[in-house]
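The values are calculated or read from the model by the stated rules, or taken from the named source; none is laboratory data. Keep in mind the model is a prediction, meaning the values are calculated, not measured. Note that we place each Cβ from the backbone using ideal geometry, even for glycine, and neighbour counts take in every protein chain shown.
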Amino acid sequence: MNFSENYFIGIDVQSNRGCPYAVFNKSLQMVDSGWIPSNTSNGDLIADICSKYPNSHVGLDCPRMPLPGLREWYWRKGRWGKRITEVGSGRHCEVVIKAHNIANPQWTPIADKAPDWMRIGFSLFKEFQSWGQVYEVFPSASYKILQNVPEISCSLSFENFRSGPKDMIDAVISAVTVFEFIKGRGCEVGGGDGLGTIILPRPIPNSKSEVLHWPGRKTVGKEGVHSWL
């Protein structure tokens, strides 16, 4: 891969005041930033961004799709088991994050239960996927993974921070997460249910191998199970 031609774009998805985006070059220098309106069609704006920064790798802080139905498998006390309630939200990638106590996911529901910000995210995934490689990121998880990793640094412009400083910082860490993943220093988790992975800027410390694999058709006993992730 020729990193001299790559850009890395991070986007924090929300419904209140728009979705901030941050663009970085191969030296992790911020070269652009801005806000994508959340209440209009953004095909033209996304086309402008991707045309201006070709060969981009995009990290979106949102689920890429709703659940097609209630989740069948749950993880509790170090094992998989069948769902025994009607909750059924969440994807494999979110279960992995929660099981390792990295962050608290906002469990992805079925389509008609998805909040506005998730619906915006579903739309943004479709728009950006027509232009290049798109990844799902989780800033809260990235912050924790990188809390003892001092060697990563980036340069920022504060030009577009005023509308939501924390939101723009989430866009920044989203772009940095993609950069570290593409450079081969990160990992991706989930995907066993066919509903996408989440990428992280570093491997999970002391990972639990069984939760990394979706149970599929394996039968797991339910004795003694009362509550589930």
Return yes or no: is residue 178 aliphatic (A, V, I, L, M), at pLDDT below 95 and surrounded by 15 or more Cβ atoms within 10 Å (Cβ to Cβ)?
no
Inspect region 83-92 for any residue being under 13 Å from the mean Cα position of the chain (by Cα), at negative phi and basic (Lys, Arg) and give the result as yes or no.
yes
Segments classed as strands (runs of 3 or more DSSP E), wholly inside region 1-73, with at least 3 members that are in contact with an Asp or Glu (Cβ under 7 Å, 6 or more places away or on another chain) and at negative phi:
19-24
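Matching residues to (1) among the basic types (Lys, Arg); (2) free of Cβ contacts under 8 Å to residues at least 40 places away in the same chain; (3) buried (at least 17 other Cβ atoms within 10 Å of the Cβ):
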{"residue": "22", "(1), (2), (3)": "no, no, yes"}
{"residue": "28", "(1), (2), (3)": "no, no, yes"}
{"residue": "43", "(1), (2), (3)": "no, no, no"}
{"residue": "52", "(1), (2), (3)": "yes, yes, no"}
{"residue": "70", "(1), (2), (3)": "no, no, no"}
Anything in region 78-130 that is charged (D, E, K, R), free of Cβ contacts under 8 Å to residues at least 24 places away in the same chain and farther than 22 Å from residue 171 by Cα? List them, or say none.
86, 112
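Rundown of residues vs (1) farther than 30 Å from residue 209 by Cα; (2) out of contact with any strand residue (DSSP E or B) (no Cβ under 8 Å at 6 or more places or on another chain), yes/no style:
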residue	(1), (2)
19	yes, no
25	yes, no
30	yes, no
38	yes, no
45	yes, no
69	no, no
86	no, yes
Output for region 88-115, where each listed residue is under 20 Å from residue 212 (Cβ atoms), of a type in the set (A, V, I, L, M) and out of contact with any strand residue (DSSP E or B) (no Cβ under 7 Å at 6 or more places or on another chain):
102, 103
Condition check for residue 141: touching a helix residue (DSSP H, G or I) at 6+ places or on another chain (Cβ under 6 Å), modelled with pLDDT of 95 or more and surrounded by 21 or more Cβ atoms within 10 Å (Cβ to Cβ)
yes
For region 122-130, check the following and say yes or no: at least one residue is at pLDDT 95 or above and not in a helix (DSSP H, G or I).
no
Residue that is farthest from the chain's Cα centre (by Cα) [pool: residues in region 44-78 that are under 14 Å from residue 178 (Cβ atoms) and of a type in the set (A, V, I, L, M)]:
58
Any idea how many residues of region 84-113 are assigned to a helix (DSSP H, G or I) and within 19 Å of residue 189 (Cα to Cα)?
8
Report, ordered by the first and then the second residue, all pairs with beta carbons closer than 8 Å, sequence separation of six or more or different chains, a first member in region 163-186 that is within 15 Å of residue 35 (Cα to Cα), and a second member that is of a type in the set (S, T, N, Q).
167/14; 168/33; 168/160; 171/33; 174/142
